[in-house]
Structures are given as C-alpha cells and as structure tokens.
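Chemist: This is the structure I want to talk about, given as structure tokens.
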Amino acid sequence: ATGMDADGDGRPAMAAKPADPTGTIALYDCDDADKTIFRGAPEVCGDGKDNNCDGMMDEPACIEPVGNVACQDHMFEGKMYSKCGKGGGNLWTQPKARLVCLQKGMELVAINSQAENDFVLGLIGDQTWTSATDFPDTSNDNGNMSPTGEQWRWGNDEVVFFTGKATAGKPLDGKFAKWGTTGANPPQQPNNQVGPYNGATCREGCMVIRTTQGGSWYDICCNWRTGDGFCEAR
C-alpha cells in the first residue's frame, strides 16, 4: 500500500512517481517487495529489474552483478556494520560498493560522530566509500556526474547535513562533518571539481574516508574504482 515500507529499504511505497523533483521524489519506491529497487538505487545489468525506478532496465550505465565478496561484521554502539571487499587489490566504484551493501540488506555507511568516524577508520585500508553524495534531487542514479548543488546527503537520509564547498561550506543543524584539510589550512574539501574520467566528464559527487589523512573526508568521482564498501544496518 502507498506509504508503507514492506521491504525495509527506507523508502515508502508510492503508487506513482511524485511530480516534485526536489522533495519526496527521492523517496520514491516503485517496488515495495524488493529492497534493491527504489529511486536512486544502482541499476544492475541483466537482472530483469528496473532497479532505479526510471522506467528502463539495463540502461548503458548499469552495473555488473556482484560476484564473490568477502565481508567482516562488526558491532559499534549496538549497531551492525560490515566491511566488504573483493581482495586482491580489486576496488569498486561507489555505486558498486553501494550495491554490495544493499544486497546485504544494509546501506553504505553514514558518519554522524567523531566516535563513529574513528571506528570506521580503525577497520579500513587506504580509503572506503561512504553513502554521502551531493545529488540534490538524486537525478543521476548511477553517479557519473552530479549536479552543482553542493547539498550533501547520506544515502538513506534525505536530510542535508552539509552545504557549500571548502571554506564556504558548513554543516547544518549541528551535523557532524570532517572534510579534509591541507596542513594548518582551513578545509579544502569538498571542492566539487570536474574532470575527465574514462572518456566522460565527471564531477566529484561522492565521498570517501581516507586513512592517510587521519580519517578526513574527500569528494571524488563516483565511478572511480578506488574503494571498498563499508556497510551499516539501516
């Protein structure tokens, strides 16, 4: 029924896609019986599903299904987390890492405190993907190029936690943020840069945590194969 969340993906069922592109459309769930299907979900190649609720299946930017994955579960403050990777130096794009988490019934991690950031930092390698994106209307479901809105949200939470970029940016309503700095300089991230990647223009619209920078956050292109997946229970 409309308004229910039978599959537990954090998105209530809706009979039709909302007209408002800036509000509830981000919560649109066109199949409330499948937790891997909702507005903004990674589109999986060859599974016969419209994962991202855009009315199409297997569009060119779809992601190959997840193969062998090794995950280690951890508890922090009563909540389950799972560190997942392929091993052998094989790293994922952000949409692929998110797909791994979604298929476990989890979501890429959202960091809400220094203690949680330190917990994740103590378990990762060089860097790991988080669920944060700067897609104000989640219109780019596969993460190749984000809008310029600089409105950062966590993957399963439509509330903006940070707006702007670098020194002009600020966390909202007391939200936690740990964007990267250079030496004693004020924050240089997120900088929302645009550049070429795999023959296409890419805007830095996804976020990683880096161990080499003391657990600071950096915005990078979502389709870089550069991180593992760190999942948390919804």
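Chemist: Of the numbered conditions (1) surrounded by fewer than 19 Cβ atoms within 10 Å (Cβ to Cβ); (2) closer than 11 Å to Gly215 by Cα; (3) at pLDDT 90 or above, Asp126 satisfies every one except a single condition; which is it?
Modeler: Of (1) surrounded by fewer than 19 Cβ atoms within 10 Å (Cβ to Cβ); (2) closer than 11 Å to Gly215 by Cα; (3) at pLDDT 90 or above, only one is false for Asp126: (3).
Chemist: So, one more: Hand me the list of strands (runs of 3 or more DSSP E) wholly inside the range 170-234 holding 2 or more residues that are modelled with pLDDT of 85 or more and either in contact with a strand residue (DSSP E or B) (Cβ under 7 Å, 6 or more places away or on another chain) or more than 24 Å from Cys71 (Cα to Cα) (or both).
Modeler: It comes to 206-210, 216-220, 228-233.
Chemist: List the residue pairs whose Cβ atoms are under 8 Å apart, where the first residue sits in the range 199-219 and is among the basic types (Lys, Arg), the second is at pLDDT 80 or above, and the two are 6 or more positions apart or on different chains.
Modeler: Arg203/Cys221; Arg210/Asp126; Arg210/Gln127; Arg210/Gly180; Arg210/Ser216; Arg210/Trp217; Arg210/Tyr218
Chemist: Looking at Leu99, Leu108, Leu91, which one is under 17 Å from Cys206 (Cβ atoms) and at pLDDT below 85?
Modeler: Leu91
Chemist: Filter the range 72-87 down to residues that are within 19 Å of Arg210 (Cα to Cα) and either part of a loop (DSSP other than H, G, I, E, B) or β-branched (Val, Ile, Thr) (or both) and give me whichever is modelled with the highest pLDDT.
Modeler: Lys86
Chemist: Would you check which residues across the range 100-126 are part of a helix (DSSP H, G or I) and over 18 Å from Asp73 (Cβ atoms) and list them?
Modeler: Result: Gln114, Ala115, Asn117, Asp118.
The values are calculated or read from the model by the stated rules, or taken from the named source; none is laboratory data. Just so we're clear, the structure is a prediction, and the values are computed from it rather than from any experiment. Quick reminder, even Gly has a Cβ in these numbers, built from the backbone with ideal geometry, and neighbours come from all protein chains shown.
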